[in-house]
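To start, the structure under review is shown below, and the notes come after it.
The values are calculated or read from the model by the stated rules, or taken from the named source; none is laboratory data. Everything numeric in this text was worked out from a predicted model, so none of it was measured. Backbone-built Cβ (ideal geometry, glycine too); neighbour counts: all protein chains shown. Note: accessible area is taken over every heavy atom of the protein model, side chains too, but ligands, DNA and RNA are not part of it. Shrake-Rupley method; radii C 1.70, N 1.55, O 1.52, S 1.80 Å.
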Amino acid sequence: AQETTDVASGAKAARAGTGEGGFGQSFAYTSGGTVNIAIKAKVSGSPAWAGVGVKFLNASGAELGRREFTVTATTYTNYTASAVTVPAGTTRMEVFAWKSGTTGFLFADDFVVTAATGATDPARYGFE
């Protein structure tokens, strides 16, 4: 769901809850190199598990790898990883957020994936 009152920056964020679920947004990427990942996220109401991250997908949509962060903070927190190796054969990336269980919420904002080496900057999502 779109969140307009509890945001990290700007006017909107994304929210998952109270049921189990989440969201994702994929974008094209040229294979190779490394990327930097930055995502702001938080939880409320104690979900069973909550996380955000980036999946690396091939042309058939099969997952080749991922960088995932477990979210436990109750205030917006930066989840970052530098120089993450993009697996060979990657043609798309997907930023995602997911929460498990039937209680609580996951809030996510300011998904940023930038090229560290080997490609142009792939994506920046602020849910604006």
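As a ratio to 2.2 N^0.38 Å, the alpha-carbon radius of gyration computed for the stretch 1-108 takes the value 1.09. Computed over the chain, relative contact order equals 39 percent, with contacts defined as Cα pairs under 8 Å that lie 6+ residues apart.
Partners of Lys55 within straight-line reach, counting lysines whose Cα lies under 20 Å from its Cα and excluding those fewer than 8 residues away in the same chain: Lys40, Lys42, Lys99.
Given their separation in residues at 0.36 nm each and the Cα-Cα distance between them, Ala81 and Thr30 gain 16.4 nm when the chain is fully extended.
Can you give me the % of accessible surface on the chain that is carbon or sulfur? Probe 1.4 Å, all protein chains present, nothing else counted. Accessible surface attributable to carbon and sulfur in the chain totals 49 percent. A 1.4 Å probe run over the chain, with the rest of the protein chains in place, finds 47 Å² accessible per residue. Per-residue extension of 0.36 nm, minus the Cα-Cα distance of Ala115 and Trp49, leaves a gain of 20.9 nm for this segment. Estimate the FRET efficiency between Ala88 and Asp6 by the formula 1/(1 + (r/R0)^6), using the beta-carbon distance for r and 35 Å for R0, to the nearest 0.05. E between Ala88 and Asp6, to the nearest 0.05, is 0.35. What fraction, in whole percent, of alpha-carbon pairs in the stretch 47-109 exceed 17 Å separation? Everything past 17 Å amounts to 46 percent. Net charge dipole, the stretch 63-112: roughly 100 debye, given to the nearest 20, about the Cα centre with Cβ charges of +1 for Lys and Arg and -1 for Asp and Glu.
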